[in-house]
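**Q** Can you read through this structure? Questions will come right after.
The values are calculated or read from the model by the stated rules, or taken from the named source; none is laboratory data. All values reported here derive from a predicted model rather than from experimental measurement. Here the Cβ is made from the backbone with ideal geometry for all residues, glycine too, and neighbour counts use every protein chain on show. We work out accessible area using only protein heavy atoms, side chains counted, and drop any ligands, DNA or RNA first. Shrake-Rupley method; radii C 1.70, N 1.55, O 1.52, S 1.80 Å.
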Amino acid sequence: MNLDLLLENLTNPALLYFILGISAVYLKSDLEIPQNSSKFISLYLLFAIGFKGGQELSHESITNEIIWSMLFGISISIIIPLYTFFILKRKLGVFDSGAIAAAYGSISAVTFVTAASYLESHQLELHGNMVAIMALMESPAIIVGLVLISLYHKEKTNPISKRFILKHSFTNGSVLLILGSLLIGYLTSAKEAQGIEPFTNDLFKGFLAIFLLDMGITSGKKLKSFFAHGWFPFAFAAVIPLFNGCLFALVSGWVTTDIANRFIFAILAASASYIAVPAAMKNTVPKANPGLFLPMALAITFPVNITIGMPLYFYLVQTF
């Protein structure tokens, strides 16, 4: 693998702000991003990437490759929770295993946004259909994780409502905003879109850097309780994303030959949700421990993907 790619990613301002956030916690600094500001920035990132994706999708014709790519993305979000659940269940309880499996089968919108920026730095274009695929991959993993918990937990006195699972998967704020922005971007004419282009494009990288600073602060606060669970969650959170990313970086060649699309498939397979899935689990599986699956996704998997993972997946899709 070309080490220049790794070194280039390590000096990315967004990553450096993430590291600054973790450092601030360990230096016991009072640095923090106000909660309302953090929520606004996360909504902005979803809005911007969805709108831009819709614009790109409006310029594309629906081909067999796009249809197969959508089916491939949904398949990824179903397959990953199935095998990760049984790996996790060897060391953890059913509730935690199901929640973590759902998180790793689902996607991280912020990792996706960072990957889009990575593609741009290599003069490659993010195609609008990949934004649609990202949005479609959020819900199936949540459903599979909750169904696995329902099947394997011994207490049947409080069964999980299947209707609630389906409703929450599609009305979750993150999913609704990305799908809604995608549709609005698709319907908006190029002339009308120019009016908000400074907001959706020019400010994007700055807001991403501030958001990752906030993510670093959040991660740093959760690391101590996470390490109390021993070596297994750490090893899983570091190894499984790289395995998933490499596997689907290679397998995606059967669906598309576009390097940018294959790279995004690898990122989607490798990333783990720390927004939509925790929200779903909080309401449906309160016995699942957020002090376990949140640090795994946010403090371990996220930095592994944006430091080691992205250059590795990019190398694989370029080479094979």
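**Q** Please determine, by comparing only the residues of region 74-95 that are in contact with a helix residue (DSSP H, G or I) (Cβ under 8 Å, 6 or more places away or on another chain) and not in a helix (DSSP H, G or I), which one is least open to solvent (accessible area, probe 1.4 Å).
**A** Among residues in region 74-95 that are in contact with a helix residue (DSSP H, G or I) (Cβ under 8 Å, 6 or more places away or on another chain) and not in a helix (DSSP H, G or I), the one least open to solvent (accessible area, probe 1.4 Å) is Leu92.
**Q** In this structure, is Glu138 modelled with pLDDT under 85 and under 22 Å from Leu46 (Cα atoms)?
**A** Working: modelled with pLDDT under 85: yes; under 22 Å from Leu46 (Cα atoms): yes.
Here the answer is yes, as Glu138 does meet what is asked.
**Q** Here's another thing I want to ask about it. Identify, please: which residue in region 209-218 is farther than 11 Å from Ser38 by Cα and open to solvent by less than 10 Å² (accessible area, probe 1.4 Å) and is, among those, modelled with the lowest pLDDT?
**A** By that ranking, first place goes to Gly216.
**Q** Something else about it: Can you pull out every residue in region 136-151 that is surrounded by fewer than 24 Cβ atoms within 10 Å (Cβ to Cβ) and of a type outside the set (Val, Ile, Thr)?
**A** Across region 136-151, the qualifying residues are Leu136, Ser139, Pro140, Leu148, Ser150, Leu151.
**Q** For region 257-264, check the following and say yes or no: at least one residue is in a loop (DSSP other than H, G, I, E, B), within 18 Å of the chain's Cα centre (by Cα), modelled with pLDDT of 95 or more and crowded, with 24+ Cβ neighbours inside 10 Å. Outline the logic, then answer.
**A** Just the residues of region 257-264 that are in a loop (DSSP other than H, G, I, E, B), to begin with: 257-258.
Subsequent filtering for residues that are within 18 Å of the chain's Cα centre (by Cα) retains none.
The answer is no, given that none of the residues of region 257-264 is in a loop (DSSP other than H, G, I, E, B), within 18 Å of the chain's Cα centre (by Cα), modelled with pLDDT of 95 or more and crowded, with 24+ Cβ neighbours inside 10 Å.
**Q** Same structure again: Scan region 49-96 residue by residue and report those that are over 10 Å from Asn129 (Cβ atoms) and of a type in the set (Val, Ile, Thr). Can you show your working first?
**A** Taking region 49-96 first, the residues over 10 Å from Asn129 (Cβ atoms) are 49-52, 54-55, 58-59, 61, 64, 68, 71-72, 74-96.
Matches in region 49-96: Ile49, Ile74, Ile76, Ile78, Ile79, Ile80, Thr84, Ile87, Val94.
**Q** Within region 98-135, how many residues are of a type outside the set (D, E, K, R) and free of Cβ contacts under 8 Å to residues at least 12 places away in the same chain?
**A** To start, the set of residues in region 98-135 that are of a type outside the set (D, E, K, R) comprises 98-119, 121-124, 126-135.
Add one more test, that the residue is free of Cβ contacts under 8 Å to residues at least 12 places away in the same chain, and what stays is 123.
Residues in region 98-135 being of a type outside the set (D, E, K, R) and free of Cβ contacts under 8 Å to residues at least 12 places away in the same chain: 1 in total.
**Q** While we're on this one: Given (1) open to solvent by 40 Å² or more (accessible area, probe 1.4 Å); (2) more than 23 Å from Ile264 (Cβ to Cβ), identify the lone condition not met by Pro233.
**A** Exception for Pro233: condition (1).
**Q** Which number in (1) surrounded by fewer than 18 Cβ atoms within 10 Å (Cβ to Cβ); (2) over 19 Å from the mean Cα position of the chain (by Cα) marks the one condition that Gln55 misses?
**A** Among (1) surrounded by fewer than 18 Cβ atoms within 10 Å (Cβ to Cβ); (2) over 19 Å from the mean Cα position of the chain (by Cα), the lone unmet condition for Gln55 is (1).
Yes or no, residue by residue, for (1) within 30 Å of Ile184 (Cβ to Cβ); (2) touching a residue at least 40 places away in the same chain (Cβ under 8 Å):
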position	(1), (2)
Ile66	yes, yes
Met70	yes, yes
Tyr83	no, no
Ile87	no, yes
Asp96	no, yes
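**Q** Take region 219-230 and flag every residue that is open to solvent by less than 60 Å² (accessible area, probe 1.4 Å) and modelled with pLDDT of 80 or more.
**A** Matches in region 219-230: Gly220, Gly230.
**Q** Gly98: crowded, with 22+ Cβ neighbours inside 10 Å, modelled with pLDDT of 85 or more and either part of a helix (DSSP H, G or I) or not polar (S, T, N, Q) (or both), yes or no?
**A** On the way: crowded, with 22+ Cβ neighbours inside 10 Å: yes; modelled with pLDDT of 85 or more: yes; either part of a helix (DSSP H, G or I) or not polar (S, T, N, Q) (or both): yes.
Here the answer is yes, as Gly98 does meet what is asked.
**Q** Does Ile33 count as outside any helix (DSSP H, G or I), at pLDDT 85 or above, open to solvent by less than 80 Å² (accessible area, probe 1.4 Å) and among the β-branched types (Val, Ile, Thr)? Quick ask: steps written out before the conclusion?
**A** Numbers: outside any helix (DSSP H, G or I): yes; at pLDDT 85 or above: yes; open to solvent by less than 80 Å² (accessible area, probe 1.4 Å): yes; among the β-branched types (Val, Ile, Thr): yes.
Considered against the rule, which asks whether it is outside any helix (DSSP H, G or I), at pLDDT 85 or above, open to solvent by less than 80 Å² (accessible area, probe 1.4 Å) and among the β-branched types (Val, Ile, Thr), Ile33 comes out as yes.
**Q** So, Ala272, is that one among the hydrophobic types (A, V, I, L, M, F, W, C), within 21 Å of Gly98 (Cβ to Cβ) and in a loop (DSSP other than H, G, I, E, B) or not?
**A** Values: among the hydrophobic types (A, V, I, L, M, F, W, C): yes; within 21 Å of Gly98 (Cβ to Cβ): yes; in a loop (DSSP other than H, G, I, E, B): yes.
Spelling it out, Ala272 is indeed among the hydrophobic types (A, V, I, L, M, F, W, C), within 21 Å of Gly98 (Cβ to Cβ) and in a loop (DSSP other than H, G, I, E, B).
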